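Written out below as structure tokens is the structure these notes cover.
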Amino acid sequence: MRIAICPGSFDPVTKGHLNIIERSAKLFDVVIALVLVNPNKQPVFTAPERTEFLRRACADIPNVKVDSYHGLLADYARSVGACTIIKGLRAVTDFEYEFQQALINKKLNGELETMFVITDSNYMYLSSSMVRQVAQFGGDVTDFLPECICKDIVARLPRSKTTEGESVQ
Ligand code: ADP
């Protein structure tokens with residue numbers, strides 16, 4: 001059985017993430033969408049919240065499982081028998097970081113390959129941080145989030161305390 005992992009922070013999961021997961025699910029027997037806990041990041045949503053949103057977003061894709069992990073991705077892959085990590089690439093700016101990660105993961109787990117899936121052109125500009133920023137100032141983020149969880153995410157994204165359009169001078 002060919003098992004692949006789509007790892008990320010998913011803070012929160014966007015349509016860009018979901019597109020990569022759906023396309024990966026067509027290539028592998030099982031895909032694990034994995035919320036990685038990174039102690040160096042300060043996420044807006046807790047790991048259980050991010051995992052729950054991801055689980056709901058992926059509920060209709062039969063061969064996708066959702067999990068979360070605090071530790072090395074290379075170790076998690078070994079423990080579940082996964083052969084491949086799948087990463088989405090939006091632009092050249094993603095590449096340098098992802099290239100380094102792929103080499104480190106290969107060094108830590110020689111059985112593990114990293115595959116890159118090029119973003120759908122509709123989602124080139126889309127990132128979780130962009131969604132958080134737009135929502136912070138009251139912008140409409142409904143086009144960027146999976147429909148089934150959109151309302152719940154929007155309701156829980158923090159808003160800036162400054163009144164909309166207020167001058168700060
Ligand atoms: P973000 O960069 O949005 O904070 P993550 O750290 O959760 O997202 O990224 C997890 C993976 O999803 C990475 O491989 C990232 O490149 C990919 N990804 C995120 N957004 C998109 C998108 N719009 N299109 C393609 N891949 C994406």
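Readers should treat all values here as calculations from the given coordinates under stated rules, not as data from a laboratory. Keep in mind that this is a model prediction, so the values were computed, not measured. All Cβ positions, even for glycine, are placed from backbone atoms using ideal geometry, and neighbour counts span all protein chains on display.
To keep it simple, each residue is scored yes or no on (1) over 16 Å from the mean Cα position of the chain (by Cα); (2) within 16 Å of the ligand (Cβ to nearest atom); (3) within 18 Å of VAL92 (Cα to Cα); (4) surrounded by fewer than 16 Cβ atoms within 10 Å (Cβ to Cβ).
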position: MET115; (1), (2), (3), (4): no, yes, yes, yes
position: ILE118; (1), (2), (3), (4): no, yes, yes, yes
position: TYR123; (1), (2), (3), (4): no, yes, yes, no
position: VAL131; (1), (2), (3), (4): no, yes, no, no
position: ASP140; (1), (2), (3), (4): yes, no, no, yes
position: PHE144; (1), (2), (3), (4): no, yes, no, no
position: ILE153; (1), (2), (3), (4): no, yes, no, no
position: ARG156; (1), (2), (3), (4): yes, no, no, yes
position: LYS161; (1), (2), (3), (4): yes, no, no, yes
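Among strands (runs of 3 or more DSSP E) lying entirely in segment 1-109, which contain 3 or more residues that are within 13 Å of the ligand (Cβ to nearest atom) and surrounded by 15 or more Cβ atoms within 10 Å (Cβ to Cβ)? Talk me through it step by step, then tell me what you get.
Working: elements: 3-8, 30-36, 64-69, 84-89.
Answer list for segment 1-109: 3-8, 30-36, 84-89.
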Could you please let me know if ARG50 is within 24 Å of ASP120 (Cβ to Cβ) and either under 14 Å from the mean Cα position of the chain (by Cα) or free of Cβ contacts under 8 Å to residues at least 12 places away in the same chain (or both)?
yes
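Just to be sure I understand, how many residues within segment 82-98 are more than 17 Å from GLY8 (Cβ to Cβ) and out of contact with any strand residue (DSSP E or B) (no Cβ under 8 Å at 6 or more places or on another chain)?
Residues of segment 82-98 more than 17 Å from GLY8 (Cβ to Cβ): 83, 92, 96.
Those still in the list that are out of contact with any strand residue (DSSP E or B) (no Cβ under 8 Å at 6 or more places or on another chain) too: 92, 96.
The qualifying residues number 2.
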